[in-house]
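What follows is calculated from the coordinates using simple rules that are stated; it is not laboratory data. If you're wondering where the values come from, they're calculated on a predicted model, not measured in any experiment. A quick note on method: Cβ atoms are made from the backbone with ideal geometry, for glycine too, and the neighbour counts reach across all protein chains shown.
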Amino acid sequence: MFKIKCFYVLFLIVLSSCKAQNLNQLKNKPNIIYINVDDLGWMDTATYGSIFFETPNIDRLAKSGLKFTKGYASAANCAPSRACLISGQNTPRHGIYTVSNSDRGHEKTRKIIPIKNTEILADENVTIAEMLQKEGYVTGTFGKWHLGEDAKTQGFDVNIGGSYNGNPGKNGYFSPYNIKNIKDTLQGENLTDRLTQEAISFIKVNKAKPFFVYLPFYAVHTPLSTTLALEKKYTEKEGNSSKKKAIYAGMIETVDRNVGLILKEIKDLDLKNTLIIFTSDNGGIRDISHQDPLRAGKGSYYEGGIRVPYIISWQGVVKPNTVSKTPITNLDFYPTFMDILKVKMPGKILDGTSILPILKGEKIKERSLYYHFPIYLQAYNAKTDQARDPFFRTRPGSVIIDGDWKLHQYFENNEIELYNLKSDLGERKNLVTIHPKKASELLNKLTIWREEVNAPIPTELNPEYDAYFIPNKFKTKK
């Protein structure tokens, strides 16, 4: 009997010790907040150089942490970029290349038949949220999902406002809302405000656990919408050039104010071990906000379409008020979170690189960034897009960024463009004929990468193509 009692006591001690150890492990895991603003351009905050838009809270976040000057989205428009972030995989692996169909634009202006697009991220893809769930995180998404009907099938415990929707629809930034998975409460309530309050409530409830807050605001995506007071403020402000710029500025200020509320809540709850990431899903729409010196904007694979702001703050780990010139992409966050948590997933293919060393003030190995978009995306505004032609923001092709060099390959006529981003950030001077060896070297790297990821290349000619056809309307807002 004595031996049995001793064994029982020992068992309780071991069990208690294991529970205490698990609790300590959970306490050491950082809370993670990923703020993903929709269509916010690289130059649309004061910390990145804007002298018109007012973003004091985003600027404060930058001063508290690390700002990247060469941060990239993994795709030039919404759904593929989000699929890359959530899956940790580049576009050829999940097949999401664009929004809706891939044969956008007038059929007579498309020389080849694009690869068919996938619209929903497959459930069998182990997402970043599912990985965090397995590590003891409670997960919540508050805003635009765009990868299926409900984010709760992809690793989120809570989903507020996320579904197929790519934007909130007409008058959708103010209640009553047009989106799913959100209940109307206060008439006239602003959607960005509501999503933030939902996220804050989630943080309060789960403050004793490690949590993952994915806050993908619908703002500042079209349709542009703000309060009359903010529109008036920016209409009257020096430097305003149009009504839509004033409304856009009001949307940016609303996002900034809500970023401030998140920061305040983290401070008030004394949640020091919180990793905060602020970024955009792709470049800004150039017809709304120019991204000069960058060329073009959303939907294009020139810098204006894929270079985005990245600010990362993590008290006690990331040195405040620092800047990194190392190129990163949103593909890097899945492996970064795994690195932080010391997680191994042998069966999971990841296309990014952990940037934890950068967050700790160290370096990572130099690598190339790759893009593949075997699709068509029609012009937004032919007069302002700064695209290769007036019909499309992009035509089927691939891109490699390698150090200061960037090479575009377009499949219709196998055209090559080569730029040195250090001397020509605006991608104005094609250097293919001046540096043919460099172009050949990068094209070879790009070809090898496409073979490794089994990237499909469209080759079938479009029988409806007419080289002399000119559509009546160039402008398409979508």
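Things to note:
- Under DSSP loop assignment and at most 13 Cβ neighbours within 10 Å, longest chymotrypsin sites (Phe, Trp or Tyr not before Pro)-free interval of the chain: 1-467
- For the chain, share of DSSP beta bridges that run antiparallel, in % to the nearest 5: 55 percent
- Rounded if a/c under 1.5, otherwise prolate or oblate - the range 97-143, Cα gyration tensor axes: prolate
- For the range 103-118 versus the range 382-425, the gap between their alpha-carbon centres in whole angstrom: 18 Å
- In nm, spacing of pseudo-spin labels at ASN454 and LYS360 (7 Å Cα→C-beta vector): 3.5 nm
- Nearest-0.05 FRET efficiency for ASN178 and ASP292, computed from C-beta distance (R0 60 Å): 0.95
- Taking a ≥ b ≥ c as the square roots of the eigenvalues of the Cα gyration tensor, an a/c ratio below 1.5 marks the range 30-363 as rounded.
- Label point distance in nm, LYS383-LYS264, each placed 7 Å from Cα along Cα→Cβ: 4.2 nm
- Computed on the range 30-363, with alpha-carbon pairs under 8 angstrom and 6+ residues apart, the relative contact order is 31 percent.
- Panel order for VAL37, VAL205, VAL318, VAL158, by other beta carbons found within 10 Å of each beta carbon, from fewest to most: VAL205, VAL318, VAL158, VAL37.
- Three-way shape call for the range 371-452 based on the alpha-carbon gyration tensor, with the a/c threshold at 1.5: oblate
- Of LYS67/LYS342; LYS152/LYS180; LYS144/LYS244; LYS144/LYS348, those spanning more than 20 Å from alpha-carbon to alpha-carbon: LYS67/LYS342; LYS144/LYS244; LYS144/LYS348
- For VAL323, VAL317, order by how many other beta-carbon atoms lie within 10 Å, fewest first: VAL323, VAL317
- Sites ASP466 and LYS70, calculated FRET efficiency, Cβ-Cβ separation with R0 45 Å, nearest 0.05: 0.65
- Linear extension gain, SER100 paired with LYS244, 0.36 nm per residue minus alpha-carbon span: 49.3 nm
- Label-to-label distance for THR447 and ASN321 is 5.1 nm, based on points extended 7 Å past Cα in the beta-carbon direction.
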